[in-house]
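The structure appears below as structure tokens.
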Amino acid sequence: MKVIIDPDSGFCFGVIKAVETAEQTLKGGEQLFGLGEMVHNEAELERLENLGLKTISIDQFSELKGATVLLRAHGEPPSTYRKALENSIRLIDATCPIVKRLQEEIKKVWQKEKDQGVQLIIFGKASHAEAIGLNGQIDNKGIIIENLDDLRLVDPQRPAHLFSQTTMDAVKFEKIALKLQEMYSETGQDLIIHKSFCRQVSNRTKSIQEFAASVDVLFFAAGRNSSNGKVLFQTAKNINEQTFFISGIQDIDFQKVGIDWGKIETIGISGATSTPPWLMHEIAQFIENTFGLT
């Protein structure tokens, strides 16, 4: 039996930047607050909190005065920056460069076309920090959709732009874009599709498919709140039925999964863009110790 860690898994560069920024600031000894979950991974959050990072909500942020606050990779709406200025809060902005560019792009479209009745459609999760940040760039006037049924909120008699939260499912986005194009072909109104995905994230769809097909059993590690994790896990599961979602070694029950481990030659470990590499190595070590492979 051999345990293999997916070489294409783990933190994306935006999350790497945010985590490294937190670590470097905490080494200086100052009190550091993190606005929202720095990463959607419980184990990594616990590690950062043990280093001194204090995670706060937007309501708690509004009550701070003169503090230092780290903004995560997901980005924030303009209202956060205004509140920081009002309350003399020093912001350390770790917004992912790709998210930042998308914020600027959607804001530019809004400022140019809002007086023409344009609709800005955002394919994303309404409660997700990135979608909230994007919507904030356009005065919270965006139409946030998660599935085809939500397209009922769009008026094809008015021009529209379609954007996407950077970590959403590219295949699902294409289906939504196709349906919108059908709707707009009947009215002749303008529809512009912006493929605003993070390539590093979207490329993982293909890589996780290839990795899942290359192993007998796959343990996919991710936080329960990770949108990217849910998408990649399901992608892997569609290729390899023996794919199991875990948050850490505490979720691994070799007896419960009902597999004849004596017939298994390869066990793969992969994760989301918010899954820390150290966690995947910890899982690999646990499996190797369990089966006496070390």
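The values are calculated or read from the model by the stated rules, or taken from the named source; none is laboratory data. Values in this document were obtained by computation on a predicted structure and should not be read as measured data. Every residue, glycine as well, gets a Cβ built from its backbone with ideal geometry; the counts of neighbours run over all protein chains shown. The accessibility values were calculated without ligands, DNA or RNA, using every heavy atom of the protein model including side chains. Shrake-Rupley method; radii C 1.70, N 1.55, O 1.52, S 1.80 Å.
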Task: Residue with peak Gaussian network fluctuation, the chain [Cα springs, cutoff 10 Å], from V39, V19, V154 - done: V154
TODO: Let me have the relative contact order for region 53-101, percent, based on Cα pairs under 8 Å that are six or more residues apart.
DONE: 44
Open item on the list: Probe radius 1.4 Å, ligands and nucleic acids ignored: give me the carbon and sulfur share of the accessible area of region 96-211 as a rounded percent.
Closed with: 46
Open item on the list: List the aspartates and glutamates whose Cα sits under 12 Å from the Cα of K83, skipping any in the same chain fewer than 8 residues away.
Closed with: D59, E63
TODO: Give the calculated FRET efficiency between D155 and K263 to the nearest 0.05, with a Förster radius of 51 Å applied to their Cβ-Cβ distance.
DONE: 0.35
Open item on the list: Please compute the length gained on full extension between E86 and D59, using 0.36 nm multiplied by the number of residues separating them and subtracting their Cα-Cα distance.
Closed with: 8.3 nm
- [ ] Kindly flag which residue pairs out of K17/K206; K125/K172; K54/K107 have an alpha-carbon separation exceeding 22 Å in this structure.
- [x] K17/K206; K54/K107
TODO: Mind checking the full-extension length gain between E282 and K195? Use 0.36 nm per residue of separation minus the Cα-Cα distance, one decimal, nm.
DONE: 27.7 nm
Open item on the list: Suppose all protein chains stay in the model; what accessible area per residue would a 1.4 Å probe give for the chain, in Å²?
Closed with: 49
Open item on the list: Take the residue pairs K141/K195; K179/K237; K141/K179 and return only those whose Cα atoms are more than 24 Å apart.
Closed with: K179/K237
- [ ] Return the aspartates and glutamates within reach of K2: Cα separation strictly under 13 angstrom, same-chain partners fewer than 8 residues apart disregarded; answer none if there are no such residues.
- [x] D216, E265, E288
Task: Under-5 Å amide H pairs with F244, H placed in peptide plane, nonlocal only - done: L218, F219, F220
Open item on the list: Under 17 Å between alpha carbons, and skipping anything fewer than 8 positions from K100 in its own chain: which aspartates and glutamates qualify?
Closed with: E76, E130, D139
- [ ] Order the following by accessible area, largest value first: R224, R199, R101. Probe radius 1.4 Å; ligands, DNA and RNA are ignored.
- [x] R199, R101, R224
Open item on the list: If you roll a 1.4 angstrom probe over the protein chains with everything in place, what fraction of the accessible area of region 8-93 belongs to carbon and sulfur, to the nearest %?
Closed with: 50
Task: Surrounding net charge for F61, when Lys and Arg each add one and Asp and Glu each subtract one, Cβ distance under 13 Å - done: +2
- [ ] Sticking with the crude label model, points 7 Å out along Cα→Cβ, report the distance from Q24 to D216 in nm, one decimal please.
- [x] 4.5
Open item on the list: Just to confirm a number: summing +1 for Lys and Arg and -1 for Asp and Glu over residues other than Q189 whose beta-carbon lies under 10 angstrom from that of Q189, what do you get?
Closed with: -2
TODO: Return a whole-number percent for the relative contact order of the chain, with Cα pairs under 8 Å and 6 or more residues apart as the contact set.
DONE: 23
